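Beneath this line is the structure, given in structure tokens, with notes to follow.
Each value in this text was obtained by applying a stated rule to the coordinates, not by laboratory testing. Please read these numbers as outputs of a predicted model, since none were measured by experiment. Here Cβ is always computed from backbone atoms with ideal geometry, including for glycine, and neighbour counts include all displayed protein chains.
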Amino acid sequence: MNLTVDQAIQIALANRLDLKNFLAAVTDTWRNVEVDANALRGILNFVYNANLASAPDHATLFRFDSSASIQQFRFQFQAPINRRAERNQYRIDQIQYQRARRAYMLLRDRIVQQIRLDMRELTLNRKQFDIGREQTLSSSIQVEQAEDALLLPAEGGAPVTLNLLNALNALLTARNQLIDISGYELKPGMTAEARILVGELHNVLVVPVQAITEHKGEFYAFVDEPGGIKLRKVKIGENNEKLVEVLDGLKEGESVALDARIRAAEFKSDETKESPKEGPKSEAPSPQVK
């Protein structure tokens, strides 16, 4: 949904219940001012009294004698010059009205200010998300390039495994930054990928997991030697979905084949042999061990 700042402000002002309550308080205090203002007005009353007497020589009911009748006409007036209590209450109501009015204006200004800040933050998060997404895509491309480099023969002792590790770290950093941009908690219906760091290994010998195969509880690797690709028993340590630690059996700089499982398939079918025989020579890629 694309909203402008003015549209967002109009929606907020029309639906904020707290703002409506403050507006109702302003209306109530204004009514109190009007009621107390009526008490300060002057009073002018006109009074007419009559005592009508009938004529003594007439028996009719409505035959009045004006000389025997008494008629009075007067008026009453009260000037608003001695109403101290009413004036004090009127002034109190005016003060309360101004307080309610200013409270309403303050809340309205705060809502408008918060909407503007939120819209600016959303725009900034959108821009940062686009940048983070591009960084994540760039890091993914670097990882793919590093993985492809492992499939090619090493040239001049290039640190291809180190490049892969650096690319994976850059990808992880880009993903974390992309998640941190939003700054919001997970909501129902959302999915996430989480990784728990259980340990770190430094200065260890590692090879891609594709270079290790298992047979009868032992682990092997196909090593590129001067006489061809030879099968060699290795001892492994920790591993993840990308790399496996080699504790014994390989040296830094040696090249291994990445199709160890395919090469060992023919040996796994023969359960009568004690160990897999030497693998056939192949032109399969053999990256260096780092």
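Charge dipole of region 3-117 (Cα centre as origin; +1 on each Lys and Arg Cβ, -1 on each Asp and Glu Cβ, all else neutral): 640 debye, rounded to the nearest 20. Label-to-label distance, Asp28 versus Gln98, with points set 7 angstrom from Cα along the beta-carbon direction: 2.1 nm.
Start at zero, step by 10 Å, and the Cα-Cα distances of region 129-182 spread as 28, 42, 22, 8, 0 percent across the bins. For the pair region 203-220 and region 84-112, the centres of their Cα atoms are 80 angstrom apart. Peptides 163-176, 14-27 ranked from most to least packed by the mean count of surrounding Cβ atoms within 10 Å: 163-176, 14-27.
Listed peptides 207-215, 82-90, 49-57, 139-147 appear in the order 207-215, 139-147, 82-90, 49-57 once ranked by packing, highest mean of other Cβ atoms within 10 Å at the front. Computed over every Cα-Cα pair of region 206-268 and binned at 5 Å starting from 0, the pair-distance distribution P(r) comes out as 4, 19, 33, 27, 14, 3, 0 percent.
The H on the amide N of Asp65, modeled in the peptide plane, is under 5 Å from the matching H of Ala53, Ser54, Ala55, each at least 5 residues off or on a different chain. Summarising the amide proton neighbourhood of Val246: residues at separation of 5 or more, or on other chains, whose placed amide H is nearer than 5 Å comprise Leu205, Val206, Val207, Gly237.
Each residue of region 20-37 was assigned a 3J(HN,Hα) from its phi angle through the Karplus curve 6.51 cos²θ - 1.76 cosθ + 1.60 (θ = phi - 60°); the sequence is 5, 5, 5, 5, 5, 5, 4, 4, 5, 5, 5, 5, 4, 5, 5, 5, 6, 5 Hz, with glycine and proline shown as x.
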